[in-house]
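Just so you know, all these numbers are worked out from the coordinates, no wet-lab data involved. This one's a predicted model, so the numbers in the text were calculated from it and none came from an experiment. Note: ideal-geometry Cβ built from the backbone for every residue, glycine included; neighbour counts use all protein chains shown.
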Amino acid sequence: MTKGVECITEINLNIYSPSASSTSEKAPCNISTLCDQNQCLSASSDCAYTYGYVDGSSNSGILVEDVLHLIMDDNQLKAVEAQITFGCAQNLVEVIVNGLLGLGFDDLSVPSILARKGLGSNSFSMCFGPDHEHGRITFGDGGSLDQKETPFTIMQSLPYYMIGLTQITVGSSSSKLELSAIFDSGTSLTILRDPAYTFITESFASQVKERPSSYQSGSINGINLDYCYDSSNLNFPKISLTLKGGGEYFVIDPILPMVTNQGGYLYCLGIIKGGDSDYNTIGQNFMTGYRLVFNREKMVIGWKASDCGYNPSQSPPTPVDNSNSPPQSPTAPNGNSNSPPESPPAPNRNSNSPPQSPPAPNHNSNSPPTTPSQSLPSSPPLAAGSPGNDYHVPTTPLSMINHSPELKSFTCALMMLLVSFFAIM
């Protein structure tokens, strides 16, 4: 059993107000280089910050300190109170969020703080349930002996979890394409540049018996999904990625179910073609059905098929209300990057009310079976994706953020979302 620290099972995502918290304190101005030194006249001054993201969004506010309530992953489920620092946003530019749980290497990220306080090893895991509604995050989880692993690197100029691919297989087609990719749960959909994009999509389409959908007039956030089908009875080829170290990573469910404004159903391959300025990014939709371990001491990412410990006979799924929620952005990766825990990027969203969810696709993915996860208590469901202009993503959570969870009005938003995603970002 992992002696880690985990999120409490149920968390009410209400609005964070420093004045309403008896344990909230302003962070001193000398706590971080994020503080605007022009406003740091003394240690008692507000630590003002402005943080921008590669998609053009930004947020500004002050850093505050408060208590994060966790439980130990042991037989006693001992409660743990950890003092953390996070950003309380007061001005958002093109950002639609409740918050982001920063999981990068920055000193202010939650894993860094907990490890520094001796509350667990410098490692964490995230689990995205195959039902798309349940997930877990565990701090201090170093992984298991039977997981597969691949090394990751962190570059100063690109502070994301960077992995290497040595081969891509789609059904009967295989290509020894070598490329680097960001492993980012903060990006909803997977983004691949050519030649990887063309190889996967064309190999996929050539092996799917169904004819492509004629409904091609929409997009998610202005980003087209090129391979969509009308039928849920898809028998699609298995997609696997061979990562450095030799481990084979099976994509358990690459299909994204969608609802059109006309009430029709679409089932799309959840891969976006990246441009010259984009990074290859393994997004959250490729992480479904896995417990992923980010071991920052060994500098490896581990993975193992898992249902995240969810037992439907004991705990019914928690409904996700998307009625006023923006979708998660599949653009620039900012998830588990070396960013502070205060704010994720987010795109503009125009959807007001999603239609009913389409029936789950009845496909044969030939993916490995999931196995029950051990020592992972429950945490809230992932933030659900929701529509762009013409397509509506139903109540099927796609990710953790690129990155935006559900939108709620706020005066001072707690820039930290304790969900099973988190953010790889």
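Could you compute the net charge surrounding Gly164? Neighbours are other residues with a C-beta less than 13 Å from the C-beta of Gly164; K and R count +1, D and E count -1.
After counting each charged neighbour, the total is 0.
Which residues does the label zone of Met299 cover in region 144-178, counting backbone N under 18 Å from a point 7 Å along Cα→Cβ?
Taking a point 7 Å out along Cα→Cβ of Met299, the residues of region 144-178 whose backbone N falls under 18 Å are 149-165.
Net charge near Ala43, counting Lys/Arg +1 and Asp/Glu -1 over other residues with Cβ under 14 Å of its Cβ?
Net charge in that neighbourhood comes out at -2.
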